[in-house]
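Have a look at the structure below, then the notes.
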Amino acid sequence: MSDLSPRLPLPADADRVEARRELGRRRKVIVVTFGLLLLVAAVALFAIGLRDATEFFRNADEAIAARDELGERRFRLQGRVVPSSVTIDGGVTTFEVLHNCASVSVRHTANPPVLFQSPWIPVVLLGHWEEGDVVTVAGRDTHYFLSDDMVVKHTNEYAAANEDRLPAPTEAPEGFLDDCPFEVPRL
Amino acid sequence: MIETPEPDLRQQAQRAGSLTMTGSVATRVLGVVAIAAVGVMALLALWISPADAVQGDSVRLMYIHVPSIWVAYGGFVLTAFASARVLWRTRSGAGGTYGVIADRHARRWDRVAGAAAELGVLFTALTLVTGSLWGRVTWGTYWQWDARLTTTVLLFVTYLGYLALRRLPAESRARARRSAVMALIAVVNLPIVHYSVDWWRTLHQEASLNLEPGGDRNITGEMYWTLLYSWATFTVVALWIGIHRYRVLRLEELAEEASLEELLAQRRDEQAAGR
């Protein structure tokens with residue numbers, strides 16, 4: 001029966017064993033450091049993300065209702081772009097966004113994304129309320145939304161470009177304007 | 001002077017050393033099927049399926065982006081299932097309290113968990129990259145901290161941590177059990193990622209396919225079938241890679257065992273030589 005109990009290294013092997021242990025220790029330090037960095041990254045991502053993530057935007061009707069509370073604070077506004085309201089002048093794009101029959105006049109100072117050109121596309125705008133008399137499809141208003149950042153929020157519907165069942169490109173999505181007490185001019 | 005190992009131990013060491021291939025007839029056939037399926041998928045996704053009415057040709061990224069995350073979900077669920085099996089098979093009284101894993105089923109499940117998690121991380125990375133590119137074209141930005149994107153990147157980082165944990169030097173049983181516990185914690189994020197678009201307001205659109213019976217589907221015609229075909233293709237590819245990874249993990253274990261056997265053989269030789 002062989003003796004397989006732990007033993008001390010032979011003097012000749014001592015350096016090699018020590019070197020191997022050192023390598024093991026270094027590897028452990030690297031892995032633990034990497035793990036801790038990942039943990040810190042995860043916590044940081046979670047904290048940054050949660051700050052904005054759960055309520056990423058306010059719909060147009062909610063933003064109007066909370067106008068006093070919002071003041072000049074920056075927030076994200078969401079609504080569908082009214083196709084007939086879009087004008088571009090001197091690098092400023094002016095248009096209206098509509099949600100739940102509430103319309104907000106927008107002045108956007110940066111370049112809009114390519115898909116902004118699609119009629120009735122939902123967009124999310126980052127900016128704040130500014131005082132100023134404006135006229136929207138829903139009537140007169142005392143404020144407009146000054147925005148400098150826009151992302152397009154496309155829907156979860158996918159259909160072939162030439163499919164017959166699609167509404168005409170400039171028509172509002174089905175049911176979107178049904179409850180609105182005003183008419184929206186066609187493009 | 002190191003003597004030659006005893007014949008049976010030498011055979012084991014040689015066996016482990018010579019097992020350098022992870023392929024078999026089955027995996028070669030699977031590989032051919034996977035490559036052919038990817039070819040057909042490219043044909044369907046790039047030429048046969050139509051452009052989208054709003055997004056145009058950028059919609060074709062969907063055929064990589066969506067199946068990637070479905071396969072990643074599958075990988076993470078498999079990791080969790082395998083990890084639960086590991087914990088069950090190595091519980092006190094079933095496999096000792098320390099040292100190497102004696103139970104061969106537990107070792108198998110541990111390898112399955114590792115290989116599946118690697119696949120999950122790989123396909124989540126693919127999801128994040130393709131999603132970012134798609135977002136640039138459609139949203140107008142590579143990244144936004146909305147709930148879906150944030151929880152997905154958290155999922156990715158968590159499983160990177162899981163893979164790092166698996167690499168920590170430790171007795172195999174302790175390593176397998178602590179990894180299994182982390183896998184069962186990490187998988188909690190999966191439903192959060194999936195339902196984040198329903199629970200919170202996100203820039204990311206809601207699910208286009210409701211897979212429940214009678215559920216809506218918002219993708220029409222060839223786009224729908226191309227998406228399902230792409231998912232099947234990604235599943236075959238993932239299976240192919242996964243089997244190879246599983247076998248690589250097995251080879252690593254064999255090499256480790258052979259190394260241990262070699263050391264034991266040296267001890268016996270030293271003793272026989274009177275040292």
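The values are calculated or read from the model by the stated rules, or taken from the named source; none is laboratory data. Nothing here was measured: the structure is a model prediction, and the numbers come from that model. Backbone-built Cβ (ideal geometry, glycine too); neighbour counts: all protein chains shown.
Numbers for the structure displayed
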quantity	calculated
Some residue of region A:153-174 being modelled with pLDDT of 90 or more and of a type in the set (A, V, I, L, M, F, W, C)	no
Wholly within region A:49-129, strands (runs of 3 or more DSSP E) carrying at least 3 residues that are in contact (Cβ under 8 Å) with a residue 60 or more places away in the chain	A:75-81
Options B:206, B:261; residue that is assigned to a helix (DSSP H, G or I) and either surrounded by fewer than 18 Cβ atoms within 10 Å (Cβ to Cβ) or in contact (Cβ under 8 Å) with a residue 12 or more places away in the chain (or both)	B:261
Condition met for residue B:40 (away from chain A (no Cβ under 14 Å) and closer than 20 Å to residue B:236 by Cβ)	yes
Residue list for region B:135-181, restricted to those being outside any helix (DSSP H, G or I) and of a type in the set (A, V, I, L, M, F, W, C)	B:139, B:143, B:145, B:168, B:170
Pick from region A:40-71, criterion more than 8 Å from every other protein chain (Cβ to nearest Cβ) and at pLDDT below 85, ranking: farthest from residue A:96 (Cα to Cα)	A:40
Region B:141-158 residues that are facing chain A (nearest Cβ under 8 Å) and free of Cβ contacts under 8 Å to residues at least 60 places away in the same chain, paired with ones that are acidic (Asp, Glu) and surrounded by fewer than 23 Cβ atoms within 10 Å (Cβ to Cβ) (beta carbon under 6 Å, 6 or more apart)	B:145/A:52
Subset of region B:214-228 that is at the interface with chain A (Cβ under 7 Å from one of its Cβ atoms) and part of a helix (DSSP H, G or I) - its residue that is modelled with the highest pLDDT	B:223
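For (1) surrounded by fewer than 18 Cβ atoms within 10 Å (Cβ to Cβ); (2) modelled with pLDDT of 90 or more; (3) touching a helix residue (DSSP H, G or I) at 6+ places or on another chain (Cβ under 7 Å); (4) within 11 Å of chain A (Cβ to nearest Cβ), each residue gets a yes or a no:
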residue	(1), (2), (3), (4)
B:187	no, yes, yes, no
B:193	no, yes, yes, no
B:252	yes, no, no, no
B:257	yes, no, yes, no
B:269	yes, no, no, yes
